[in-house]
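The values are calculated or read from the model by the stated rules, or taken from the named source; none is laboratory data. Keep in mind the model is a prediction, meaning the values are calculated, not measured. We place every Cβ from the backbone using ideal geometry, glycine too, and count neighbours over all the protein chains shown. For accessibility, only protein heavy atoms count, side chains too; no ligands or nucleic acids. Shrake-Rupley method; radii C 1.70, N 1.55, O 1.52, S 1.80 Å.
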Amino acid sequence: MLIAMPNLAHPIFSAPVDAVDSEMVRGFLELGLEESFTLDYKRNIDPVAETAAAMANSYGGIILVGVDPDPKNANLGGKLVGVAPSEKDRLVSKMANQYEPPGWTPDVIPVTVDGKHLLVVRVDHHSAPRPLVNKHQIKIRLDGSNQYADLRTIHALFQQGAAPAPSYSSDPRFAVDRVG
């Protein structure tokens, strides 16, 4: 139900944090993609925590902060308005303190595009606790918007959160040293 939905093939979804740069973000914006399950545009940081939690409870995604909606189609990214550089720390702190269980945050990557400071918020739903509660609410991402999760979905999220921890025994980094 909420287990596997492929993200877009663009590298912004999976590139290492230090590889996300102005060129990559500009190229992504030039695609002219509409808001969806895995993409949202925000003018400022105020609504980002809710959207990131909804994406974490769904399929993950990207939130581009500092991008006004297109005046002709509110589901498209429009003018770059930017945010203050200090907004990154404010956003990370807000999410870390407001989410239950506390402490988890998505990647928040500052990038300057055309002289405007943007934040790329990258939500990896595999790393997020399930369910991720924001302000005592459980929301999911549907049709490019955040919606309250129904009881069946909440139950599924709790089941996913209770899944057994992965085994590291096959990972060579965790192998027992055998001298001999």
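Within region 95-109, the set of residues being open to solvent by 60 Å² or more (accessible area, probe 1.4 Å) and in contact (Cβ under 8 Å) with a residue 12 or more places away in the chain comprises Glu100, Pro101, Asp107.
Of the residues making up region 5-51, just one is open to solvent by less than 50 Å² (accessible area, probe 1.4 Å), in contact with a Ser or Thr (Cβ under 8 Å, 6 or more places away or on another chain) and more than 28 Å from Asn97 (Cβ to Cβ), namely Ser22. Every residue in region 80-94 that is surrounded by 14 or more Cβ atoms within 10 Å (Cβ to Cβ), assigned to a helix (DSSP H, G or I) and of a type outside the set (A, V, I, L, M), please. Across region 80-94, the qualifying residues are Glu87, Lys88, Lys94.
Every listed requirement among (1) at pLDDT below 95; (2) open to solvent by 30 Å² or more (accessible area, probe 1.4 Å); (3) not acidic (Asp, Glu) is met by Gly77 save one, (2). Selection of region 124-150 for residues being open to solvent by 60 Å² or more (accessible area, probe 1.4 Å), modelled with pLDDT under 95 and outside any loop (DSSP other than H, G, I, E, B) yields only Leu142. Screening Phe28 against (1) at pLDDT below 95; (2) in a loop (DSSP other than H, G, I, E, B) leaves a single unmet condition, (2). For region 36-70, a residue qualifies if it is acidic (Asp, Glu) and under 22 Å from Pro131 (Cβ atoms), and the qualifying residues are Asp40, Glu50.
Hey, among the residues in region 31-55 that are farther than 21 Å from Glu87 by Cα and outside any loop (DSSP other than H, G, I, E, B), which one's nearest to the chain's Cα centre (by Cα)? Selected residue: Ser36.
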